[in-house]
Amino acid sequence: GLTPPCPQVLSLGADVLPEYKLQAPRIHRWTILHYSPFKAVWDWLILLLVIYTAIFTPYSAAFLLSDSEEAQRHHCGYSCSPLNVVDLIVDIMFIIDILINFRTTYVNSNEEVVSHPAKIAIHYFKGWFLIDMVAAIPFDLLIFGSGSEETTTLIGLLKTARLLRLVRVARKLDRYSEYGAAVLFLLMCTFALIAHWLACIWYAIGNVEGQRTGWLHALGQQIGKPLNGSFGPSIKDKYVTALYFTFSSLTSVGFGNVSPNTNSEKIFSICVMLIGSLMYASIFGNVSAIIQRLYSGTARYHTQMLRVKEFIRFHQIPNPLRQRLEEYFQHAWSYTNGIDMNAVLKGFPECLQADICLHLNRSLLQNCAPFRGATKGCLRALAMKFKTTHAPPGDTLVHAGDVLTALYFISRGSIEILRGDVVVAILGKNDTFGEPLHLHARPGKSRADVRALTYCDLHKILREDLLEVLDMYPEFSDRFWGTLEITFNLRDTNMIPGSPGSDELDGGFSRLRRRKLSFRRRPEKGGHGPGEGRGGPQLCALPRGSPSPG
């Protein structure tokens, strides 16, 4: 009588739900996702072309567009200059970029991805279409053929419209503003690019002023190449001198060896000095803040080290322990850079914490035989319980007589087991030490010291946490205990009455399981032992091997 209603309930749900809720969102065949790898590669290609345009377009407009070159290009064809061919390719790529933008999705104000072609087109028309269109017009092709001086000047001015695309580049570079070194590099590049533009304008002013009074005439006299018609300083001499003048004017008041002579040159020099003062305030004024941000970690280190030394002085800690404390602090800082990984992890939701812990413990869960075959839910639950411990050489993880409240898995480094002053075992990667938890109802005490020989990374899981997870997944529990091999059993059978050999093992496995369950439920009523919180996972717990005896 219970089976017939099921298909009716399912069909009822299918009838009641709207059709658009049951269908997967459809995207047009030629629509490009804004987060696709192709769009990312294409954006970087357009970025490189824009940088090329920002450098070569002013240079070409000021230095290369002359009457002789126009006559030569008119005589031998448009492909006479390789630079003009590159400009044609850039124009074609910019036009293709406009077409791609008409088919690229975007995110609206409601944080929804819009893929409808008409809405994409309207959004692009209202945004960057006009700037992209003006920057993509091949003006030198449209006005090609007339070699007059007015046409040459007009082409040079119109081609600078490509620089409008730098506005889009500046918006995309905002994402790197959080990196101090990247910001410093971008500021220096911006300074050099503005100096390059001003050098091109400086040459254009000197070229328009005439032969006798401008700075070009003075340059020809200085280097022994008098300016006379088409003869005079080479393009290389002109550009290097112009760039030298703009850099010296932007960074200081100039040195006088290249000086303005005419009124137009003097007015331009005044403007360059004003721009230089603004650039000092906006660019170089931020350099000190950026450098201070780069060394903020060093300042935090010295502050924390001062606190440690004050703690040592206040409590009068003796020299051997004092040296261990300072060495551990220095190593822990170099290992984590002073960041509290636990606080970072707890800032994420629990489902994301589980994924992060699964990634951090992936080598243990994938390579260790007892965890193979576990379900994904079981692995996530175990990963949340594991704590990663880092120990420097000489650090004692477990002392003789400590209560064995955890199971340890070594993922890197070597440790030694000592009884007194005698080394009884040396353990390495993928080894396990602790006690067989399923054989004892109560935690035992350690019969030896455990000390790190090298820098060690260990995965630790508390006794109660492990038994709790295995109780939730009983089908995995038997397989886990059957395949777990403890390399060194630290439990001291002489210190706890009723240990192996007494009546604890005589009652059979079912009796052990009942006692284990009763022990596991006890903390829920009586609370946790000292130092054993049941909070979130730890990424880098302090490498003090085990808690103090309860």
Fill in: Over 20 Å (Cα to Cα) - which of LYS225/LYS266; LYS429/LYS460; LYS236/LYS266; LYS309/LYS460; LYS346/LYS376 fall in this group
LYS225/LYS266; LYS236/LYS266; LYS309/LYS460; LYS346/LYS376
Discussion item. Suppose each label sits 7 Å from its Cα in the direction of the beta carbon; what would the ALA161-ILE317 distance come out to in nanometres?
Written reply: 7.1 nm
Worksheet entry | At R0 = 30 Å, FRET efficiency that the Cβ-Cβ distance of PHE185 and SER252 yields, to 0.05 | 0.85
Worksheet item: Stretch MET341-ALA192 to full length: gain in nm at 0.36 nm per residue minus the Cα-Cα span?
Response: 49.6 nm
Worksheet item: How long is segment 360-489 along each principal axis, judged by its Cα atoms, biggest number first, in Å?
Response: 43, 30, 20
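How much length is gained on full extension from THR213 to TYR295, taking 0.36 nm per residue of separation minus their Cα-Cα distance?
So the chain would gain 24.4 nm between THR213 and TYR295.
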Discussion item. If I model a spin label as a point 7 Å beyond the Cα along the Cα-Cβ vector, how far apart are those points for GLU416 and PHE348 in nm?
Written reply: 3.9 nm
Worksheet entry | Partners for LYS119 among lysines (Cα-Cα distance below 26 Å; same-chain residues under 8 apart left out) | LYS21, LYS39, LYS172
Practice prompt. Would you mind computing, in nm to one decimal, how far apart the modelled labels at LEU83 and ILE283 are, each placed 7 Å from Cα along Cα→Cβ?
Written response: 2.3 nm
Discussion item. What does the extension gain come out to for LYS266 and ALA170, with contour length at 0.36 nm per residue minus their alpha carbon separation?
Written reply: 31.4 nm
Response to the item:
Placing +1 on each Lys and Arg Cβ and -1 on each Asp and Glu Cβ in segment 360-489, then taking the dipole about the Cα centre, the residue among ALA448, LEU458, LEU365 whose Cα reaches farthest towards the positive end is LEU365
Worksheet item: How high is the FRET efficiency between GLU310 and SER363 when r is their beta carbon distance and R₀ equals 30 Å, given to the nearest 0.05?
Response: 0.15
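At a 1.4 Å probe radius, which order do GLU326, GLU112 fall into by accessible area, largest first? Walk me through the intermediate numbers first.
Values: GLU326 40, GLU112 100 Å².
Putting GLU326, GLU112 in descending order of accessible area: GLU112, GLU326.
D for segment 179-339, whole µm²/s, Stokes-Einstein with Kirkwood Rh over alpha-carbon pairs at 4 °C and 1.567 mPa s: what number?
Working: Rh = 20.1 Å.
Taking Rh from Cα pairs, D becomes 65 µm²/s.
The values are calculated or read from the model by the stated rules, or taken from the named source; none is laboratory data. Given the structure is predicted, the values throughout are model-derived calculations rather than measurements. Positions of Cβ are backbone-derived with ideal geometry, glycine not excepted, and every protein chain shown enters the neighbour counts. Just the protein is used for accessible areas: all its heavy atoms, side chains included, with ligands, DNA and RNA removed. Shrake-Rupley method; radii C 1.70, N 1.55, O 1.52, S 1.80 Å.
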